[in-house]
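The values are calculated or read from the model by the stated rules, or taken from the named source; none is laboratory data. Only a predicted model underlies this, so the values are computations on that prediction, with no experimental measurement involved. Glycine also receives a Cβ, built like all others from the backbone with ideal geometry; neighbour counts cover every protein chain displayed. Only protein heavy atoms, including side chains, enter the accessible area calculation; ligands, DNA and RNA are left aside. Shrake-Rupley method; radii C 1.70, N 1.55, O 1.52, S 1.80 Å.
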Amino acid sequence: MVDVADKLAYFQAITGLEDPDLCTQILQAHNWDLELAISSFTSNHNNDPLSYSSSTATATTSTVVEPPISSNYGSDSTAIAPVAAPPPGLGWKIITLPISIISGSLRLISGAVGFGFWAAGSIFSYSLGFVGFGSNSGRGGDSSAQLVTVSAASREALEFIAQFERDYGGSGSSSRPNFVGEGFMDALTRSRNSFKLLFVYLHSPDHPDTPAFCEGTLCSEVFSAFVNENFVAWGGSLRGSEGFKMSNSLKASRFPFCAVVMPATNQRIALLQQVEGPKSPEEMLMTLQRVLEESAPVLVAARLEAEERTTNMRLREEQDAAYRAALEADQARERQLREEQERLEREAAEAERKRKEEEEAQERATREAAEKEAALARMRQEKALSLGAEPEKAPNVTQVLVRFPTGERKERRFHSTATIQSLYDYVDSLGCLDVENYSLVSNFPRVVYGTDKLSLSLKEAGLHPQASLFVELN
């Protein structure tokens, strides 16, 4: 954002006022809006050049541009400073006050009506474009293209070019300076960016020497070709706002008026040469050639500085790009190492989890086996206790022999009233079998003493006084 000092300097350069206190007051009155303050000053200056204060009477005669680059630069003719007219009297202001009020009211009303028509036209145009009836819809144009806003200074420049072409384009010569269709400051920026000087022409339509100068000099084929090749050309009419501003800024006292300027520091303008009055193409060429030769070192230095700045910027961009690439490579390596580390940690955690699960499963199996063994031991003990003591030989005592699949034999005496279940309890209490599902079977005759005979006594089952049974695994 332009600071206060730059705004003040630019306002002084455009308006020609040297009193910084007055310029500060004017800018403060317009809330430091530079464009509004300049427009207000220009309109007031057109109506009443001394409307601000009597202190501006001497300011209009001073130079508002930077000093020339070389002492050899100067004017080809003597500049005549405008003489300030005395301010109108109080009586005249009182007489013209009603007229000023009425004219101001009419301008306000016309402005409001014009704004209303503009707003309505914009809404209507947008509505047509929205439903597909825009001006570009039938020509394949982009209906979403943004409208380009043309500034007032650019509009004045385009109007000047069009009027100049109408007035002098049909004179038989197709040559003329290629005036840029933009404001003065934009043209100055263009000349700086292209490392050229800015050729300024201030057009006074009412001056008697203007037609001959435009047709004979500006539209000269040799002169216009020289200007178009070596300069950026900008023209403005005194009837326009910016043309009038530049005539004040450059202290134009005679017309036709031409000048060669270049940008200086703090948004000021360096005046290199001014030519006032009618000149032949040869005189203009000699003057411009001399200015161009004397300014060549400055332009070359500016170009070299810009090229060096561009080279340094490109070098910094390349260094930044290389740094970013190296940084991205480092980050990629770090990310890869981090991902590899995370993978190894996940694998280690998974292996640890599996090891713990296996240990837990093994501990659980061992514990279950121990519990099962303890349960079997208790069961065998309980069944052994349930059998009681082995009876002595007697008539009511049965001798039972049990043979196991391993070939092992066990023998015991039971009361003849004991049940087949007692025989199973006896086999279980021995702990000679690893299975729980088995049957006691006699060979001759083959009889299986299954669950349906568990409640029979030995005598009822035909096993008294002695029996031989073997264990058959199911």
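General observations
- A single member of 233, 259, 306, 270 is part of a helix (DSSP H, G or I), open to solvent by less than 30 Å² (accessible area, probe 1.4 Å) and of a type outside the set (Val, Ile, Thr), and it is 306.
- Subset of the range 416-464 [open to solvent by 30 Å² or more (accessible area, probe 1.4 Å), touching a residue at least 60 places away in the same chain (Cβ under 8 Å) and touching a strand residue (DSSP E or B) at 6+ places or on another chain (Cβ under 6 Å)]: 464
- Taken over the range 278-323, the criterion of being touching a Ser or Thr at 6+ places or on another chain (Cβ under 9 Å) and modelled with pLDDT under 90 is satisfied by no residue.
- From the options 14, 26, residue that is modelled with pLDDT of 80 or more, part of a helix (DSSP H, G or I), among the β-branched types (Val, Ile, Thr) and surrounded by 15 or more Cβ atoms within 10 Å (Cβ to Cβ): 26
- Qualifying residue in the range 346-363 (condition: touching a residue at least 40 places away in the same chain (Cβ under 8 Å), open to solvent by less than 60 Å² (accessible area, probe 1.4 Å) and among the hydrophobic types (A, V, I, L, M, F, W, C)): no
- Residue 192 being modelled with pLDDT under 95 and part of a loop (DSSP other than H, G, I, E, B): no
- Annotation note: of 179, 244, 226, the sole residue that is among the hydrophobic types (A, V, I, L, M, F, W, C), open to solvent by less than 30 Å² (accessible area, probe 1.4 Å) and on the phi < 0 side of the Ramachandran plot is 179.
- Of all residues in the range 274-303 being among the acidic types (Asp, Glu) and loosely packed, with under 13 Cβ neighbours inside 10 Å, the one that is farthest from the chain's Cα centre (by Cα): 282
- Residue 409 vs. criteria open to solvent by 80 Å² or more (accessible area, probe 1.4 Å) and among the charged types (D, E, K, R): yes
- Residue 317, sole failed condition from (1) part of a helix (DSSP H, G or I); (2) over 25 Å from residue 41 (Cβ atoms); (3) in contact (Cβ under 8 Å) with a residue 40 or more places away in the chain: (3)
- Top-ranked residue in the range 376-389 [being loosely packed, with under 11 Cβ neighbours inside 10 Å and not basic (Lys, Arg); ranked as nearest to residue 434 (Cα to Cα)]: 385
- Pairs where the first residue, in the range 395-409, is farther than 17 Å from residue 429 by Cβ and touching a residue at least 12 places away in the same chain (Cβ under 8 Å) and the second is assigned to a loop (DSSP other than H, G, I, E, B) and open to solvent by 70 Å² or more (accessible area, probe 1.4 Å), C-beta under 7 Å, 6+ apart: 398/465; 399/465
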